[in-house]
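Please treat every number below as a calculation from the coordinates, not as lab data. Keep in mind the model is a prediction, meaning the values are calculated, not measured. Backbone-built Cβ (ideal geometry, glycine too); neighbour counts: all protein chains shown.
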Amino acid sequence: AQSVTQPDIHITVSEGASLELRCNYSYGATPYLFWYVQSPGQGLQLLLKYFSGDTLVQGIKGFEAEFKRSQSSFNLRKPSVHWSDAAEYFCAVAAGGADGLTFGKGTHLIIQP
Amino acid sequence: SAVISQKPSRDICQRGTSLTIQCQVDSQVTMMFWYRQQPGQSLTLIATANQGSEATYESGFVIDKFPISRPNLTFSTLTVSNMSPEDSSIYLCSVEASTYNYGYTFGSGTRLTVV
């Protein structure tokens, strides 16, 4: 069975600074990888996904993620964060399109003014 | 992407009762999924619902506690039975449609409080 580790429970970043959220997965083959964001009281919004091809994936809101097979990682990055980026970020993995998602525990992002 | 309507958005229920949550999708989808998000926690997959067959439950979840119906390709229900305060969570419906290149879309969730 697959698993996802998000080692950082909380991250605090100053507004305008760069951001990197870490995600490591465990799966025998190449998984389907996702990043979701959940703002307080809101539903889940898909930021980006990776299935195959180019290992650098562009998403919405200026986010990108890089798949590194050798490190079993799929880290999320943003060059300059905005106060509105404060939210909970979840990395998730699926074995295939017919399978449900396995989520990491999430990283709570705090933006300092 | 698919648009999901989930009802009710929230409810407060007495222990020992049951609540049925509805999930309506604006297009036909093959796979529908139900998740639970306990307070301050991540999401956990409860079960996968396919039209025309019984739902497949994940470890730790049983049909007697979380019966699921999937009568057609646009609709599903999840019932939380014989509720206790430990069932207080957000329950979310999700769909995956190959048409949308394996983007899993989520409903806005049902916030359940059991008192």
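Quick notes on this one:
- Chain A: most fluctuating residue of A:PRO31, A:PRO79, A:PRO40 per GNM, C-alpha cutoff 10 Å: A:PRO40
- Computed P(r) (all Cα pairs; the protein assembly as shown; 10 Å bins; percent): 8, 33, 35, 20, 5, 0
- What you get for region B:4-114, charging only the Cβ of Lys and Arg (+1) and of Asp and Glu (-1), is a dipole of about 240 debye around the Cα centre.
- Comparing A:GLN38, A:GLN71, A:GLN58 in a Gaussian network model of chain A where C-alpha atoms under 10 Å apart are linked, the largest mean-square fluctuation is found at A:GLN71.
- Dipole of chain A computed with +1 at Lys/Arg Cβ and -1 at Asp/Glu Cβ about the Cα centre; of A:ALA86, A:ALA98, A:LEU48, farthest Cα towards the positive end is A:ALA98.
- Centre separation in Å (Cα based) which lies between region A:80-103 and region B:61-84: 25 Å
- With θ taken as phi - 60° and the Karplus curve 6.51 cos²θ - 1.76 cosθ + 1.60 applied, the whole-hertz 3J(HN,Hα) list for region B:37-42 is 10, 6, x, x, 10, 7 Hz, x standing for glycine and proline.
- Cysteines in the protein assembly as shown that lack a partner Cβ within the 4.7 Å cut-off: B:CYS13.
- Think of region B:1-99 as having a plus end and a minus end, set by charges on the Cβ of Lys, Arg, Asp and Glu; of B:ILE46, B:GLN22, B:THR56, B:GLN22 sits farthest toward the positive end of this dipole.
- Against the rule of thumb 2.2 N^0.38 Å, how large the Cα Rg of region B:1-94 comes out: 1.03
- Note on chain A: the alpha carbon radius of gyration divided by the globular reference 2.2 N^0.38 Å gives 1.01.
- The separation of region B:4-51 from region A:43-64, counted between C-alpha centres, amounts to 25 Å.
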